[in-house]
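Take a look at the structure below.
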Amino acid sequence: MKVLKFGGYSIDSPENILRVKEIIDSQSESVIVVVSAFHGITDKLLELSNLAAARDRYFFRLYNEIEIKHMDMITRLFPEPRQTEVISHINTYLKDLISIINGVYLLNDLTPKTLDRILSFGEIMSSYILSKIIRNSEIIDVKGIIKTDNHFGNARVNFPLSNRLIRAQFNNFKKTGIVPGFIGSSEHNEITTLGRGGSDYTAAIISAALDVSKLEIWTNVDGFMTADPKKVTKALAIEYLSYSEAMELSHFGAEVIYTPTIHPVYQRNIEVLIKNILNPEGKGTLISKDAKRSESSLIKGISSIDNIDLMTLQGAGMVGVKGISSRLFGALARYDINIILITQASSEYSISFALNPDDSDHALKALEAEFEPEIKLRNVMNILIEKDLSVIAIVGEQMKNTPGISANLFTSLGRNGISVIATAQGSSELNISVVIKRESLVKALNVIHEGFFLSHHRDLHLYLVGAGTVGGNLLKQIMNQQEVLLREHHLKVNVVGICRSRIMLLNPEGIDLVHYREEMEKQGEKADIELFIQKMKYLNLRNSVFIDCTADPDIAGTYIQVLNAYVSVVTANKIACSSDYALYSNLKRIAREKNVKFMYETNVGAGLPIISTLNDLIRSGDKIVRLEAVLSGTLNFIFNTISEDVPLSKAVQLAMDHGFAEPDPRIDLSGTDVRRKLLILSRESGYPLEDKDIEIVPFLPEDCFAGSLDDFWKAIGKQDAAFEERRKNLDHEKKKLRFVARLDNGTAKIELVEVGASHPAYPLEGSNNIILITTHRYHEQPMVIRGYGAGADVTAAGVFADIIRVANV
């Protein structure tokens, strides 16, 4: 014999009921069918009961909805000649129901006993309708086989008596038994209920009493999942679970099966198979004594309870005092308060426990009464309550005696800025539970799942500020590489926010990079960097990166709050790293403390690996002694372009036309941009310099930098003849002009120098950069890095490389 249980979703439509019929008809052995109410009916019965008790006439509208639901099901399931009989029977139930509800309304009172009677109608009506579909079936009076105490609402089963009655009922039973779930009766034959989800429990009680071969529970999901698929889109189906694993996952929020269901079948070693009514060919989840080991993960699943309170009893009056725990939990038990999680400090200074928020007021009263002498008279204890919390549990029997599980859990959370408020682990090592802020629940579930399961890919969420020349090129490069990164590196790069000068758009599902401009125009809002960051924080997506492709000091000023939100920063903007040393140092410190990344490789040399090379040298124990570099791709382009036909002023204009120069070329020509770069390199080399510590020898007169841009173009033209004369002389001497930045044992200087053919900077072409690094190890022959040092494409590529480095951490 086999027991089949069908949940509310499984019988929620005529199509599903016909699927249920096919499943029952296909069985090769006799079956008992346990049925829930139609989906949503129990909730409506509960709501209309409370409304009636509050004398709110809206209850009648809910009653009508219940009536319509059942009548619609009948008319769609049965041909007209049969409808009359079924409708007549259901109308009898509905008449009884409205009579009871009217009584509640008139008396302005709803007792637990009356509520159980009302709630029972859902299962009674659905089981009757199903019995008229299944051939050779018989409705079983469940009140006559499952006996309980009179604890209405969550009655305790009298197993010895119930087992005898169940066995007697089904002895030599030849039909298909249809049993309303969720319902029992007291010793006085009063209707009781077994708690929400109690239909699963009904099926397990019957299965254990009859020692059946298997219990099948049919629902609308493919069994247990590694996490809630509504919160973790990459959740996977779990094929095998032990009884213990199933109980732990259910206790901590997995709604696939009602937690007490496991105990009766566990005692009789009866396998439980969870199946999907919409996918009957799927494997589902098999729960048994010896579940197969997982090959892909040391844990089986992650479960959570969305909303809990954490109550803490603490104080010096607890230390070394016997009986505190006994008094605490005894007081809670007297108020019938269920505890979800318990944790105690080893110092005995505090005990914390998680509970349902609805129980908090009663729990507080219970503890204040129990510990009144310690709290009020001696002032040696106090009670704290923390709200808006969630609890997450990772579960798996393979965790036992396996090191590194906790480290993986806490590292996954910490790396994404999720603080653990409390934690608990039993000696069985079956479960590790953590309490976190409720606002971080979805993010936490996803990062834990990503940390433990071999997911198909890892998500990276990008917020880009500045979609101009560099930012626009970056978006193109990301778009072109998205498929490759996903296919070959299992990295899904999602651009979820773009902020331009006048408009911004955020979409947690990802922005279509092919049409992002059109999307921004249609769906975007006025640009506001503070609002952009607020929304980024609110989305709270895991593995988030804030990217600055501007030269805006206001954007650079936001890095501290971004890093403090546990979001990595990748920037092409030099302002932050070349500002006061205290700010530069603070940004790096915050990034370390928050375990996020602050990446700025493109601040110097565009896409050249200069900063990362300096970092690697220092981390490996080397010391930077001297740097000599041509760091301005703009100026190198200008000095390489000047010729008999191209004077200085025209070369500057060409640098702007090619996108090498800043919008105001005076920033390049004054050496300001090179000063920023040398300042950054000096700091990365271990020298805490400030801007004033770097000497610049100007190569243009002061009038070139005074006044407006128009004044600049007039003044620069006056320098053409002098530079042409100098060019001729250098050409004759086989020399070239190079704007060289030097750092020598902490002394920094920038000047325009003439270099001969033997100098490494002599052959630099176009906008190329070069840096010569002299260290203790590279002393006789400096390390040389050379390549493109300017241009939107290479800068964007450098930013992209930093983004990938963040992902690979």
Legend entry - Candidates ILE770, ILE804, filtered to the one that is touching a strand residue (DSSP E or B) at 6+ places or on another chain (Cβ under 6 Å) and within 27 Å of ASP616 (Cβ to Cβ): ILE770
Legend entry - Total residues in segment 349-392, condition in contact (Cβ under 8 Å) with a residue 24 or more places away in the chain and in a loop (DSSP other than H, G, I, E, B): 6
Legend entry - segment 37-78, residues that are open to solvent by 10 Å² or more (accessible area, probe 1.4 Å), assigned to a loop (DSSP other than H, G, I, E, B) and in contact with a Gly (Cβ under 9 Å, 6 or more places away or on another chain): HIS39, GLY40
Inset, instruction - Quick one: which helices (runs of 4 or more DSSP H) lie wholly within segment 611-661 and hold at least 1 residues that are touching a residue at least 40 places away in the same chain (Cβ under 8 Å) and surrounded by fewer than 17 Cβ atoms within 10 Å (Cβ to Cβ)? - result: 611-619
Legend entry - Of all residues in segment 334-353 being open to solvent by 70 Å² or more (accessible area, probe 1.4 Å) and not basic (Lys, Arg), the one that is farthest from ALA369 (Cα to Cα): SER346
Inset, instruction - Determine, yes or no, whether VAL435 is part of a strand (DSSP E or B), at pLDDT 95 or above, open to solvent by less than 10 Å² (accessible area, probe 1.4 Å) and farther than 22 Å from PRO508 by Cα. - result: yes
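Examine segment 711-723 for a residue that is of a type in the set (Asp, Glu) and over 18 Å from LEU635 (Cα atoms), and state whether such a residue exists.
Yes.
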Inset, instruction - Select from segment 569-600 the residues that are open to solvent by less than 10 Å² (accessible area, probe 1.4 Å) and either of a type in the set (Gly, Ala, Ser) or modelled with pLDDT under 95 (or both) and list them in ascending order. - result: ALA576, ALA591
Inset, instruction - For segment 214-235, name all the residues that are open to solvent by 10 Å² or more (accessible area, probe 1.4 Å) and either without any contact (Cβ under 8 Å) to a residue 40 or more places away in the chain or assigned to a loop (DSSP other than H, G, I, E, B) (or both). - result: ASN220, VAL221, ASP222, ASP228, PRO229, LYS230, LYS231, THR233, LYS234, ALA235
Inset, instruction - Could you check how many residues of segment 707-739 are closer than 12 Å to GLU754 by Cα, of a type in the set (A, V, I, L, M, F, W, C) and in contact (Cβ under 8 Å) with a residue 60 or more places away in the chain? - result: 2
Inset, instruction - Looking at (1) among the aliphatic types (A, V, I, L, M); (2) modelled with pLDDT under 95; (3) over 45 Å from the mean Cα position of the chain (by Cα), find the lone condition where ALA741 falls short. - result: (2)
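How many residues are among the hydrophobic types (A, V, I, L, M, F, W, C) and within 13 Å of VAL33 (Cα to Cα) if we restrict to segment 213-238?
Of the residues in segment 213-238, 3 are among the hydrophobic types (A, V, I, L, M, F, W, C) and within 13 Å of VAL33 (Cα to Cα).
Across segment 751-777, what is the total count of residues that are in a loop (DSSP other than H, G, I, E, B), open to solvent by 20 Å² or more (accessible area, probe 1.4 Å) and in contact (Cβ under 8 Å) with a residue 40 or more places away in the chain?
The qualifying residues number 4.
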Legend entry - Answer residue from segment 157-175, given it is modelled with pLDDT of 95 or more and of a type outside the set (A, V, I, L, M, F, W, C) and is farthest from ILE11 (Cα to Cα) among those: PRO160
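The values are calculated or read from the model by the stated rules, or taken from the named source; none is laboratory data. Predicted model only: the values in this text are computed from it and were never measured. Glycine gets a Cβ as well: all are built from the backbone with ideal geometry, and neighbour counts include every protein chain shown. For the accessible areas, the whole protein counts, side chains as well, though only heavy atoms, and no ligand, DNA or RNA atoms are used. Shrake-Rupley method; radii C 1.70, N 1.55, O 1.52, S 1.80 Å.
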